[in-house]
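Written out below as structure tokens is the structure these notes cover.
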Amino acid sequence: MIVAPLLAIGRYGDGAWAWALLDDDYMRWRIAWTVLQALITCILVLLIGTPLAWVLARFDFAGRALVLRLLMLPFVMPTLVAGMGVLALFGTHGLLWPGWQDTPYLLLYGNVFFNLPVLVRAAYQGFLQVPASRLWAAQTLGAGAWTRFWQVQWPVLLPWLAGGVCLVFLYCFSGFGLALLLGGSDYATIEVEIYQLIAYELAMDEASVLVWLVLAITLLAALAYAWLSRRAAGANPVQPPLPEPVRGWRQYALLAAALVLLALCCVLPLAAIAWRAAQAGASWQVLLDAATLQAAFNTLRFTGLAMLLALLLGVSHAALARRHAWMRSITFLPFMVSPVCVAFGVLLLYPQWTASLSLLVATYALLAYPFITKDLLAAWDALPPGYAAAARTLGASPFQVATRVTAPLLLPSLRRGLTLAAATCVGEFAATLFLSRPEWQTLTTLIYQHLSTAGQDNYDRAMVLTAVLMLLAIAVFALLDANSHTDKGTQRARMG
């Protein structure tokens, strides 16, 4: 599903003339803009996210745990919802600043919405790796706040920030949904250009050239992220400084500014969707349309079928990774290749399965199962070996150990992975555009169809459907959050 289709892309075409595409000024601008918007986003989230993470790591305030949990919300929010939220704020009918639909700022803001939590979480974990004793020693020697940051915290923080920046660049460079909705005709990225070459011009040779260019750049970013993550994860456990209560008006002002900035970047688009949907009036009747009901059914059907396959793949991959270390290194391979490249590759490699349900479901499962593998493998590694050894000493067979000892302990992590995988399937957009039939319309493709059709009613209908999709994502997030609380409670009970 990844390696073979990519090899098929490399073999496609019988002439080198397609590589002349890179000499075209229009295409070079697309490539340059794709790199530029990813780099600008990295700079923006670095400048915004590092101070936010410092505030969250240093100050203890009411609602701090909730803010840390809400940083997971963009991870379960479909890209289409983020794009519609930005349009609701700054598009033709924008609530905050209308008329920005033909500028590059829409895509940059959408990138910040999706990727700021990635950098904040990376920086927050980096701050937790700074030993409290080192900070206290520096303060005892007379070092001020800035000196402690640059001389003590920054060297420890740097690998975590670099890894987060690589991940942000990877997401922005290979992103499709946001670029399709917010880039317009002048600021679309290479991913959008690949889609248009295939869907509208049937120019497979040119598209294959762009796919290999995307893969080369994303591979470099992925390798840098893997190396930096390994370096950061290799640090020894330390005792971080505990967050301190907020004191004085300066700290209160700093905390308020951080929370307002976080809300403006990550919450405002979602609030704009809710407001626009509330003002839709008669357009709410779209929920009763046969096309909407069919799209909802298709979304749930594809998600359910993909989850069954993803569960099998995720558990199998985790079990193999426990035995073979090299299997761990390919766990996140589906994340490193964009859905557009995967969909294009499978179309070339399996033309006889074009627009088949099995290929669509397999692609959904491919994009979802690494979440299951990741959470399950982490929990499996953390299990004390003495539990299984004690069960075997008492006469339990390997099957009994697996079903009565290991499986119950892994079940909370499996639920968490399944929740994230389901969120991925519900909001999937890129592969669906490539691989589905017209009668297999999902909620995401139906929203895009309404948005692409002229008229205020179609715009309002798109916002109503987006609000429904957003509520589904929030429900998934609430389930994920509930699972995390259950996991902690279970762990405390077992330790007791």
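Show me the three semi-axes of the equivalent ellipsoid for region 390-462, from the C-alpha gyration tensor (sqrt of 5 times each eigenvalue), largest first, rounded to whole Å.
Values: eigenvalues 472, 30, 9 Å².
Sorted largest first and rounded, they come to 49, 12, 7 Å.
Looking at ALA38, ILE273, ILE372, which one has the Cα that reaches farthest to the positive end of the dipole of the chain (charges on Cβ: Lys, Arg +1; Asp, Glu -1)?
Checking the options against the dipole of the chain, the answer is ILE372.
Checking understanding here: applying a Kyte-Doolittle mean of at least -1.0 and a length along the axis of at least 18 Å (C-alpha), which whole DSSP H helices in the chain pass?
Numbers: long enough: 25-58 (49 Å, 1.18); 105-127 (31 Å, 0.97); 154-173 (27 Å, 1.84); 204-233 (41 Å, 1.29); 248-266 (27 Å, 1.60); 290-323 (50 Å, 1.02); 357-382 (38 Å, 1.18); 407-426 (27 Å, 1.09); 456-495 (58 Å, 0.19).
Membrane-span-like by this criterion, though nothing is claimed about a membrane: 25-58, 105-127, 154-173, 204-233, 248-266, 290-323, 357-382, 407-426, 456-495.
By its C-alpha gyration tensor, with a ≥ b ≥ c as the square roots of the eigenvalues, how is region 78-219 shaped: rounded for a/c under 1.5, else prolate for a/b larger than b/c, else oblate?
oblate
Through the Karplus equation 6.51 cos²θ - 1.76 cosθ + 1.60, θ set to phi - 60°, convert the phi angles of region 178-187 into ³J(HN,Hα) values in whole Hz; use x for Gly and Pro.
5, 5, 5, 7, 9, x, x, 7, 9, 10
Largest first, how would VAL165, VAL260 line up by accessible area (1.4 Å probe)? Mind dumping the intermediate values first?
On the way: VAL165 40, VAL260 85 Å².
Correct descending sequence by accessible area is VAL260, VAL165.
Please list GLU439, GLU201, GLU428 from largest to smallest accessible area, probe radius 1.4 Å, with all protein chains kept in place.
GLU201, GLU439, GLU428
Rounded to the nearest 10 Å², what accessible area does MET27 show when all protein chains are kept and the probe is 1.4 Å?
Counting only protein heavy atoms, the figure is 10 Å².
Subtract the Cα-Cα distance of ASP289 and GLN352 from 0.36 nm times their separation in residues, and report this length gain in nm to one decimal. Walk me through the numbers before you get to the answer.
Working: separation 63, 0.36 × 63 = 22.68 nm, distance 3.32 nm.
This chain segment gains 19.4 nm when fully extended.
What's the magnitude of the charge dipole for the chain around its Cα centre, counting Lys and Arg as +1 and Asp and Glu as -1 at the beta-carbon? Answer in Debye, nearest 20. Intermediate values should be presented prior to the final figure.
Numbers: 28 positive and 22 negative charges, 505 e Å.
Dipole about the Cα centre, nearest 20: 2420 debye.
Among LEU312, PRO351, LEU264, whose Cα projects farthest towards the positive end of the dipole of region 241-360, with charges put on the beta-carbon of Lys, Arg (+1) and Asp, Glu (-1)?
Of the options given, the answer is LEU312.
Could you tell me which label, among (1) 65, 64, 53; (2) 63, 49, 32; (3) 62, 56, 45, carries the value of Cα extents along the principal axes in Å calculated for this structure?
Recomputing Cα extents along the principal axes in Å here gives the entry labelled (1).
For PHE59, list long-range residues whose amide hydrogen, built 1.01 Å from N in the peptide plane, is under 5 Å from its own amide hydrogen.
Under 5 Å from the amide H of PHE59 lie the amide H atoms of GLU244, each far enough along the sequence or on another chain.
Over the heavy atoms of HIS93, what accessible area does a 1.4 Å probe trace out, to the nearest 10 Å²?
HIS93 has an accessible surface of roughly 70 Å² with all protein chains in place.
The values are calculated or read from the model by the stated rules, or taken from the named source; none is laboratory data. All figures in this text were calculated on a predicted structure; none of them were measured in a lab. Backbone-built Cβ (ideal geometry, glycine too); neighbour counts: all protein chains shown. Protein only, heavy atoms only, side chains kept; ligands, DNA and RNA dropped before computing areas. Shrake-Rupley method; radii C 1.70, N 1.55, O 1.52, S 1.80 Å.
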